[in-house]
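Visitor: My questions all concern the structure below.
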Amino acid sequence: MPDSHRRVYAAIAAIPPGRVASYGAIAARAGLPGRARLVGHLLGQTPDGMRLPWHRVLRASGHVALAPGSAGFRAQCRLLRAEGVEVKNGRVALWRFGLDADLDRELWGLPAE
DNA sequence: GCTTTGACGTATG
DNA sequence: TCATACGCCAAAG
């Protein structure tokens with residue numbers, strides 16, 4: 001297991017429950033800016049024994065990355081809603097649940113809602 | 001090795 | 001909001 005992969009897994013595992021992060025944010029946090037596709041690739045190759053909060057990883061647009069209607073898509077929506085994250089039409093409001101939004105609030109004092 | 005694919009991202013129109 | 005183009009790079013064939 002390459003070190004870069006471990007950092008990606010660690011970054012995903014660090015997402016707090018009830019919050020979400022984009023592939024790009026995970027890659028950047030893992031020290032791999034611009035390697036968002038690597039994150040997606042790893043999630044598809046994640047070993048069975050590894051229990052990761054993969055459902056908290058979304059596209060930069062806030063959309064669920066999996067095909068709408070697929071089993072994985074439904075599972076992700078269910079897991080997210082179970083944590084209090086609103087999923088509307090396969091999309092999450094990043095300005096509200098994203099980690100970046102949290103940081104922005106602290107920096108600029110933007111309203112939480 | 002080269003080509004194709006893919007749970008992606010940003011820029012443009 | 002949707003489509004297209006381009007950049008990115010690990011795996012699979």
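The values are calculated or read from the model by the stated rules, or taken from the named source; none is laboratory data. Nothing here was measured: the structure is a model prediction, and the numbers come from that model. Reconstructed Cβ throughout: ideal geometry from the backbone, glycine too, with neighbour counts over all protein chains shown. Accessible surface areas use protein heavy atoms only, side chains included; no ligands, DNA or RNA. Shrake-Rupley method; radii C 1.70, N 1.55, O 1.52, S 1.80 Å.
Visitor: For the stretch A:45-62, which positions are open to solvent by 70 Å² or more (accessible area, probe 1.4 Å) and not in a loop (DSSP other than H, G, I, E, B)? So that I can check it myself, show each step before the final result.
Guide: Just the residues of the stretch A:45-62 that are open to solvent by 70 Å² or more (accessible area, probe 1.4 Å), to begin with: A:45, A:48, A:51, A:54, A:59-60.
Answer for the stretch A:45-62, where residues must be open to solvent by 70 Å² or more (accessible area, probe 1.4 Å) and not in a loop (DSSP other than H, G, I, E, B): just A:Trp54.
Visitor: Sticking with this one: With respect to the numbered conditions (1) outside any loop (DSSP other than H, G, I, E, B); (2) of a type outside the set (S, T, N, Q); (3) within 12 Å of DNA strand C (Cβ to nearest atom); (4) surrounded by 15 or more Cβ atoms within 10 Å (Cβ to Cβ), which one is the sole condition not fulfilled by A:Cys77?
Guide: (3)
Visitor: Answer yes if at least one residue in the stretch A:22-31 is surrounded by 20 or more Cβ atoms within 10 Å (Cβ to Cβ) and of a type in the set (Lys, Arg), and no otherwise.
Guide: Checked the stretch A:22-31: no residue is surrounded by 20 or more Cβ atoms within 10 Å (Cβ to Cβ) and of a type in the set (Lys, Arg).
Visitor: Using beta carbons and a limit of 8 Å, which pairs, at least six apart or on different chains, have the first residue in the stretch A:31-46 and within 9 Å of DNA strand C (Cβ to nearest atom) and the second one among the aromatic types (Phe, Trp, Tyr) and modelled with pLDDT of 90 or more?
Guide: That search, which allows pairs on different chains as well, returns A:Ala36/A:Tyr23; A:Arg37/A:Tyr23; A:Leu42/A:Tyr9.
Visitor: List the number of the failed condition for A:Ser4; all other conditions in (1) within 12 Å of DNA strand C (Cβ to nearest atom); (2) within 25 Å of A:Ala82 (Cα to Cα); (3) not basic (Lys, Arg) hold.
Guide: (2)
Visitor: Answer yes or no as to whether A:Leu66 is touching a helix residue (DSSP H, G or I) at 6+ places or on another chain (Cβ under 9 Å), without any contact (Cβ under 8 Å) to a residue 40 or more places away in the chain, part of a loop (DSSP other than H, G, I, E, B) and away from DNA strand C (no atom under 12 Å from the Cβ). Working first, answer last.
Guide: Details: touching a helix residue (DSSP H, G or I) at 6+ places or on another chain (Cβ under 9 Å): yes; without any contact (Cβ under 8 Å) to a residue 40 or more places away in the chain: yes; part of a loop (DSSP other than H, G, I, E, B): yes; away from DNA strand C (no atom under 12 Å from the Cβ): yes.
Yes.
Visitor: It is to be established whether one or more residues within the stretch A:80-87 are small (Gly, Ala, Ser), assigned to a helix (DSSP H, G or I), more than 10 Å from DNA strand C (Cβ to nearest atom) and open to solvent by 70 Å² or more (accessible area, probe 1.4 Å). Can you show your working first?
Guide: Step one: list which residues in the stretch A:80-87 are small (Gly, Ala, Ser), which gives A:82, A:84.
Imposing the further condition that a residue be assigned to a helix (DSSP H, G or I) reduces the set to A:82.
Adding the requirement that they be more than 10 Å from DNA strand C (Cβ to nearest atom) leaves A:82.
Remaining after also requiring open to solvent by 70 Å² or more (accessible area, probe 1.4 Å): A:82.
Yes, some residue in the stretch A:80-87 is small (Gly, Ala, Ser), assigned to a helix (DSSP H, G or I), more than 10 Å from DNA strand C (Cβ to nearest atom) and open to solvent by 70 Å² or more (accessible area, probe 1.4 Å).
Visitor: Does the stretch A:8-23 contain any residue that is part of a loop (DSSP other than H, G, I, E, B) and near DNA strand B (Cβ under 7 Å from one of its atoms)? Let's see the steps before the verdict.
Guide: So in the stretch A:8-23, the residues part of a loop (DSSP other than H, G, I, E, B) come out as A:14-19.
Going one step further and asking which of them are near DNA strand B (Cβ under 7 Å from one of its atoms), we end up with none.
No: zero hits.
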